[in-house]
Protein chains: 2
Amino acid sequence: MALMHYPVTDKNGEVICSAVTNLDLHDMARAARTYGVSRFYVVTPLEDQKILAQRIVDHWVTGPGSKYNPKRKQAISLVMITDNLEQAIREIEQETGEAPEIVVTDARPQAKSMDYAGYRAHMDKGKPCILVFGTAWGMTKEFIETADIVLDPIIGPTDYNHLSVRSAASIILDRLLGR
Amino acid sequence: MALMHYPVTDKNGEVICSAVTNLDLHDMARAARTYGVSRFYVVTPLEDQKILAQRIVDHWVTGPGSKYNPKRKQAISLVMITDNLEQAIREIEQETGEAPEIVVTDARPQAKSMDYAGYRAHMDKGKPCILVFGTAWGMTKEFIETADIVLDPIIGPTDYNHLSVRSAASIILDRLLGR
């Protein structure tokens, strides 16, 4: 799976590069590890943000955190920092010999979105895929349009659809891979 | 629902009072609002922690945050800070005329736990309930034993069961109340 910090939008719809959030890395890596995700790409083109993210990863994977909490090390070890999604896609292609399906999630309803039972059944065929989450106010419309599949927004019994990306990612992994 | 900061255990099993975490309040309030939860009790007996939690709430409900992000205000408005669970239970009893069922969630397998489909069907009967989440390394064994119902741990297809409380709460609300 991947967490995009660019290209995403701010609350006014402007394209921005969002800041890396420590707890996104922790919560999403722990959920990824729980649900058997192979790798968690943290995508940002900003040099200082890549350095920050790598410092967090190093603390838990090789630094003092790895001894303090080995379970956390197992989760954070899944994190790989990349400049863009293409880099992640190339890596998956090299490892699996097949280009992954790009599966995008968004809180806003999209023209052609797939439900979770539908995509879960499709995943069972075993094709590699990359599940892409957006930070801030979500990925740009143009970026979403390049995806192979867009999943339905997560909606509860109310009209409120403003979950954190940490919550949405956890729920989506549970819907697609939970027992 | 309620988030307990006491009585919980640390990584060595000692009983502690954990610190309030800003993103727990945000993520869990947003999930609560999404899934139609009536109130989100943040439970801590510590005076300084209650003041900190109330400052966060005030910022988003009546302070500058309420104008900056009215959607966040809707979520954080559900938060109520209490000294202990009894206080929350009494309030629910006063509002509904009935003592709520105390439903506890824990990452560790418990002797008699109920699955999500089972409790979802039970909830449909409409009895008030309070869904209780623990911080740190989870609620004490003694506290869990006082609950009416313990829900199954959230387990994925791996043997790793170390989700954040933010992730676990989101998944549990989705399993119990999602569409």
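The values are calculated or read from the model by the stated rules, or taken from the named source; none is laboratory data. These numbers come from a predicted model, not from an experiment. Virtual Cβ from ideal backbone geometry, glycine too; neighbours counted across all protein chains shown.
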Check: Looking at B:122, B:26, which one is over 21 Å from residue B:163 (Cα atoms) and not β-branched (Val, Ile, Thr)?
Finding: B:122
Next item on the list: Identify all residues within the stretch B:22-75 that are over 19 Å from residue B:171 (Cα atoms), among the polar types (S, T, N, Q) and surrounded by 18 or more Cβ atoms within 10 Å (Cβ to Cβ); write none if there are none.
Entry: B:44, B:49, B:74
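Could you count how many residues in the stretch A:122-157 are touching a residue at least 60 places away in the same chain (Cβ under 8 Å) and on the phi > 0 side of the Ramachandran plot? Walk me through how you get there before you give the answer.
Pass one, the stretch A:122-157, residues touching a residue at least 60 places away in the same chain (Cβ under 8 Å): A:130-140, A:142-143.
Going one step further and asking which of them are on the phi > 0 side of the Ramachandran plot, we end up with A:136, A:138.
Final tally of qualifying residues: 2.
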Next item on the list: Using the structure shown, decide if residue B:115 is crowded, with 19+ Cβ neighbours inside 10 Å, within 23 Å of residue A:168 (Cα to Cα) and among the acidic types (Asp, Glu).
Entry: no
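Does residue B:12 satisfy the condition of being farther than 12 Å from residue B:133 by Cβ and at pLDDT below 95? Steps first, answer last, please.
Numbers: farther than 12 Å from residue B:133 by Cβ: yes; at pLDDT below 95: yes.
Spelling it out, residue B:12 is indeed farther than 12 Å from residue B:133 by Cβ and at pLDDT below 95.
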Note to self: So, restricting to strands (runs of 3 or more DSSP E) that lie completely within the stretch B:86-179, which ones have at least 3 residues that are under 16 Å from residue A:178 (Cβ atoms) and more than 10 Å from chain A (Cβ to nearest Cβ)?
What the structure shows: none
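Of B:83, B:58, which residue is among the acidic types (Asp, Glu), closer than 21 Å to residue B:28 by Cα and under 16 Å from the mean Cα position of the chain (by Cα)? Even if it seems obvious, please write down each step before you answer.
On the way: B:58 fails: under 16 Å from the mean Cα position of the chain (by Cα).
Going through B:83, B:58 in turn, just one is among the acidic types (Asp, Glu), closer than 21 Å to residue B:28 by Cα and under 16 Å from the mean Cα position of the chain (by Cα): B:83.
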Next item on the list: Please enumerate the residues belonging to the stretch A:26-67 that are aliphatic (A, V, I, L, M) and within 11 Å of chain B (Cβ to nearest Cβ).
Entry: A:28, A:29, A:31, A:32, A:37
